[in-house]
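Please read the structure below before turning to the comments.
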Amino acid sequence: MGRKGISYTKDPFFPKQRKEDFMTEERSDFKFNYFFGLVNIVAVFLIVWLLWYIFMNPNTVMKLYTPMYGFSLIVVFLSGIILMAKVLEWPALYNRLYQKDNPIAKGILLTIIAFLLMFGLNYIVFWGFIGKFGVAYFSPDSIVASGGIGAEPFVARENAATAIVYFFTAFLWMALFWDLGFGRWPWQNNTYGVQVWSRLFAILFFVVLFYILLFHSHVCYLFYPAQDKAAVTPWWEELAGTGSAFFSLGLILCTLVWIVFSDLLWEGKPWDRCEVAGESTFGKGFVVFFSTLTLGIVLISILLQIFNYVWMEPFVGGQYTDGPDWRFIHAGEIAGFFILAAFIWKNYFNNFPNLNRFWLTALIRSIIVVVLGMLIYWFYYSPLATFFLAKVEGFAQPGDTPLVWALLFLSVILIQNEFFDGWPLKRNRQAD
């Protein structure tokens, strides 16, 4: 995200790396053109609209927005992008191995790989392997084969997609947290291969752990009868007033707001005070995890209080805006708009302003991004979205999941920034 791309020594796989070997250069030092940035974000919006029209619009071609099936594919696709860019660091490795100023070829190649990752992870790893030989609810076919209520093909696919959404939400949280908090620690003195694969397996360990603690129980209770021998009653049910894992989803997204703000808008501060010789430490990771989680709890609490003021207190059994589960997912949706706004402001408006007083700059940026996030919120719930997204007007419509559109938008932004090196908005020095 906000961290610059990493460069390596001539052979990135075998020699031990030093801090100096990972020093980076800005891809571009030309004066930022804000008008060009505005044109670029308009172009990206149109690309997102075209992709939505082809793949997600319920009235056109693919009709993948059911909505959980389309939701799962977008989350897996975004996770593949984050996996490549932030965990395995393939874009930076590509730049080092192929000393060519050709961001278009690189971007096309990496985008194709991200698509293949999405296809492989969703259909082969989860539907075809884990769902058939391990955990049945990850595969629609296994759910249908088990029979019983809710085993119809459409419902089975929606339930399997819900479980996949939850798993990869946990992955996004851990991957982005690790990038900000632990960075290359504790493998900073090892080879590139040791670093990225060790980081991947460490992240996956915590992904599985948090998935079990925060989501598994809810998925097991989607079925009738509930799979109470495979999962306990959701531990948050009394606390949240709902057994839905929308509670966990909303909390994670509200936590991710602070991880993204810290990385993009605050340039890694104040967590960099915990670094030693410019490298992350266990202390930094510990502080970042619990600090951002605490701030996430604060944010979701504030949003819930605002909802209570607008729609009054929710109650168990309440439908749509009155349901506690909807309140939590809506908090997560608003957090998603803030995250999207932060990426837009960083990549297309150069994190304006850039003042000498950093914390004043960070405060102004944060306020601007929150306002921008609310404008995106207004757009999504305005009549304009009816035209662009074939969305039913109003709040809490059945089957309406704003996160699908927001994450698709975010995926396109990340592809341009990470895979195409910001082209054509940003250019390498050699190209200028």
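Restricting attention to the range 382-392, the residues being surrounded by 15 or more Cβ atoms within 10 Å (Cβ to Cβ) and assigned to a loop (DSSP other than H, G, I, E, B) number 2. Taking helices (runs of 4 or more DSSP H) as the structural unit, those lying wholly within the range 68-168 and holding at least 2 residues that are within 26 Å of ILE259 (Cα to Cα) correspond to 68-82, 90-97, 103-119.
For the range 313-347, the set of residues classified as buried (at least 23 other Cβ atoms within 10 Å of the Cβ) and either basic (Lys, Arg) or in a loop (DSSP other than H, G, I, E, B) (or both) consists of ARG327 only. Pairing each residue of the range 256-279 that is part of a loop (DSSP other than H, G, I, E, B) with any residue that is buried (at least 21 other Cβ atoms within 10 Å of the Cβ) and polar (S, T, N, Q), provided the two are 6+ apart or on different chains, yields C-beta distances under 8 Å for GLY268/SER262; LYS269/SER262. Candidates are the residues of the range 174-195 that are over 19 Å from the mean Cα position of the chain (by Cα) and either acidic (Asp, Glu) or farther than 24 Å from ARG273 by Cα (or both); the one that is surrounded by the fewest Cβ atoms within 10 Å (Cβ to Cβ) is GLY193.
Does VAL208 meet the test of being open to solvent by 10 Å² or more (accessible area, probe 1.4 Å), under 26 Å from PHE282 (Cβ atoms) and either under 21 Å from the mean Cα position of the chain (by Cα) or of a type in the set (Gly, Ala, Ser) (or both)? Spelling it out, VAL208 is indeed open to solvent by 10 Å² or more (accessible area, probe 1.4 Å), under 26 Å from PHE282 (Cβ atoms) and either under 21 Å from the mean Cα position of the chain (by Cα) or of a type in the set (Gly, Ala, Ser) (or both).
In the set ILE143, ILE164, ILE124, ILE149, only one residue is of a type outside the set (Lys, Arg) and touching a strand residue (DSSP E or B) at 6+ places or on another chain (Cβ under 9 Å); that residue is ILE149. Of the residues making up the range 214-251, those that are among the aliphatic types (A, V, I, L, M), part of a helix (DSSP H, G or I) and under 25 Å from PRO140 (Cβ atoms) are LEU214, VAL219, LEU249. Contact map, the range 211-228: residues that are more than 16 Å from GLY147 (Cβ to Cβ) paired with residues that are aromatic (Phe, Trp, Tyr) and not in a loop (DSSP other than H, G, I, E, B), Cβ distance under 7 Å, separation 6+ or inter-chain. Pairs shown: TYR211/TYR166; TYR211/PHE167; PHE215/TYR166; VAL219/TYR137; VAL219/TYR166. Within the range 61-106, the set of residues being without any contact (Cβ under 8 Å) to a residue 24 or more places away in the chain and among the polar types (S, T, N, Q) comprises GLN99, ASN102.
As a summary of the residue check, GLU152 satisfies the conditions (1) among the charged types (D, E, K, R); (2) over 27 Å from GLY296 (Cβ atoms); (3) open to solvent by less than 20 Å² (accessible area, probe 1.4 Å) except for the one numbered (3).
The residues on offer are PHE338, PHE379, and the sole one that is under 26 Å from LEU172 (Cα atoms), at pLDDT 95 or above, touching a helix residue (DSSP H, G or I) at 6+ places or on another chain (Cβ under 9 Å) and aromatic (Phe, Trp, Tyr) is PHE338.
Conditions tested, residue by residue: (1) over 23 Å from the mean Cα position of the chain (by Cα); (2) among the aliphatic types (A, V, I, L, M); (3) open to solvent by less than 60 Å² (accessible area, probe 1.4 Å).
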residue	(1), (2), (3)
PHE246	no, no, yes
LEU249	no, yes, yes
VAL260	no, yes, yes
ASP263	no, no, yes
CYS274	yes, no, yes
GLY285	no, no, yes
PHE290	no, no, no
LEU304	no, yes, yes
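Of the numbered criteria (1) assigned to a helix (DSSP H, G or I); (2) more than 12 Å from LEU265 (Cα to Cα), the one ASP400 fails is (1).
The values are calculated or read from the model by the stated rules, or taken from the named source; none is laboratory data. Note that this is a predicted model, so its numbers are computed, not measured. Please note: Cβ atoms are built from the backbone with ideal geometry, for glycine as well, and neighbour counts cover all protein chains shown. Each accessible area value is taken on the protein alone, full model and side chains, heavy atoms only, with ligands, DNA and RNA left out. Shrake-Rupley method; radii C 1.70, N 1.55, O 1.52, S 1.80 Å.
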